[in-house]
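**Q** Structure incoming, see below.
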Amino acid sequence: MKLHGTDILVIFCLSLFTVSTVRGSVASQIASRSSCVDLSTQQLDIRRLVKYENQNIPVKAVMFITKRGIKICVQPDLKWVQDAIKFLDKGPGPRRPNKKRKSKPKPKAKPNGN
């Protein structure tokens, strides 16, 4: 069987189309976020949390993210979880002003009277 120049060109174009279609479908997929599968049973320190995300699939959960970037999934219906969500929704509270101690004025140097 003898291939002609046009046959080779058609096969080349089809192979390019196939490769670009496969790459496009892989690249166009949305990167999946982390999702909760296992739920922690420990109560977390609210002060170490920076944000949260609600999740319904594959399990209903709240994913807390700590200051260090650690993601921990917990049951959303627990009282402490609801308190933590309210705390995070409220945002950072007002900062206390730093009270600087008043320094005593330095005594003036006495003139040197020789």
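None of the figures in this text is laboratory data; all of them are computed from the coordinates on show. From a predicted model like this one, the values you see are computed outputs, not experimental measurements. Glycine gets a Cβ as well: all are built from the backbone with ideal geometry, and neighbour counts include every protein chain shown.
**Q** Rounded to the nearest 20 debye, what is the charge dipole size of segment 34-91 about its Cα centre when +1 sits on each Lys and Arg Cβ and -1 on each Asp and Glu Cβ?
**A** On the way: 10 positive and 6 negative charges, 54 e Å.
Taking the Cα centre of segment 34-91 as origin, the dipole is about 260 debye.
**Q** Specify, per residue and in Å³, the volume enclosed by the convex hull of the alpha carbon atoms belonging to segment 34-91. Present the calculation step by step, with values, prior to reporting the outcome.
**A** Numbers: hull volume 4.2 nm³, N = 58.
Expressed per residue, the convex hull around the Cα atoms of segment 34-91 is 73 Å³.
**Q** A further question on this structure: Run the simple label-point estimate for Asp7 and Thr41 please: 7 Å along Cα→C-beta, distance reported in nm.
**A** 7.0 nm
**Q** Which whole-number percent is the relative contact order of segment 34-91 (Cα, under 8 Å, 6+ apart)? Before the final figure, lay out each step's value.
**A** On the way: 80 pairs, mean separation 18.7, N = 58.
Value for segment 34-91: 32 percent.
**Q** Net charge within 12 Å of Trp80 by Cβ-Cβ distance, Lys/Arg positive one each and Asp/Glu negative one each, not counting Trp80 itself? Please report the intermediate quantities before stating the final value.
**A** Details: positive: Lys79, Lys86; negative: Asp45, Asp77, Asp83.
Taking every other residue near Trp80 into account, the sum is -1.
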